[in-house]
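Inspection log for the structure reproduced underneath, given as structure tokens.
The values are calculated or read from the model by the stated rules, or taken from the named source; none is laboratory data. Treat the numbers as computed from the prediction; the structure is a model and nothing was measured. Counting neighbours? That spans all protein chains shown, and the Cβs are built from the backbone with ideal geometry, glycine included.
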Amino acid sequence: MNRNLWQALKFTLFSISAGVIQVASFALLHDVLGLESYWMSHIPSLVLSVLWNFTFNRRYTFRSDANLPRSMALVALFYLVFTPASAWWGTALENAGVHTWLVEVMNLLINFVTEFLYQRFVVYRGQIDTNDVARKAQG
């Protein structure tokens, strides 16, 4: 299978698992604990999802041994823009009458596409398939 296609597939599978974490934690905060403001449920659930996704995609999707603090800082920069933007437009859409869960799903999809491109072409550019997992696979 083409390496880029395989990366996209692995990223998709890990993103689905991160999405489950995000949806479950969002449901807990919004529906069970009753946090009424969109952003108060969205931001903690997004953080949990990001930590999960970063860990697994670094090791298994991009198989990178890139400098960990640098990689985390680059991902943090992405979320420094994405988090307030998604909280802002999420709140605006919710206030405009769009169902909260539809807003959350839209944010998940936008995050999925933009984060893959950012990690592939910014965070791990030139440092893909450099860790022990990649070396073992190359035999």
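Looking at the structure I just gave you, is Val75 part of a helix (DSSP H, G or I) and buried (at least 16 other Cβ atoms within 10 Å of the Cβ)? Against the criterion (part of a helix (DSSP H, G or I) and buried (at least 16 other Cβ atoms within 10 Å of the Cβ)), Val75 qualifies. The residues of segment 117-127 that are surrounded by 19 or more Cβ atoms within 10 Å (Cβ to Cβ) and either outside any helix (DSSP H, G or I) or at pLDDT below 95 (or both) amount to a single one, Tyr124. Just one of the numbered conditions (1) in contact with a Lys or Arg (Cβ under 9 Å, 6 or more places away or on another chain); (2) outside any helix (DSSP H, G or I) is not true of Val133: (2). Of the residues making up segment 65-90, those that are touching a residue at least 40 places away in the same chain (Cβ under 8 Å), among the polar types (S, T, N, Q) and over 11 Å from Gln119 (Cα atoms) are Thr83, Ser86. Scanning segment 94-113 for residues that are modelled with pLDDT of 95 or more and assigned to a helix (DSSP H, G or I) yields a count of 0. Can you tell me which residue in segment 32-45 is surrounded by the fewest Cβ atoms within 10 Å (Cβ to Cβ), limited to those that are within 21 Å of the chain's Cα centre (by Cα) and under 22 Å from Ala96 (Cα atoms)? Checking each candidate, the answer is Met40. Within segment 53-71, the presence of a residue that is touching a Leu at 6+ places or on another chain (Cβ under 7 Å), at negative phi and buried (at least 19 other Cβ atoms within 10 Å of the Cβ) is excluded. Out of everything in segment 2-31 that is surrounded by 12 or more Cβ atoms within 10 Å (Cβ to Cβ) and aromatic (Phe, Trp, Tyr), what residue ends up being farthest from Trp101 (Cα to Cα)? Residue satisfying both the conditions and the ranking: Phe11.
Does Arg58 fit the bill of being in a helix (DSSP H, G or I) and at pLDDT 95 or above? Answer is yes for this residue.
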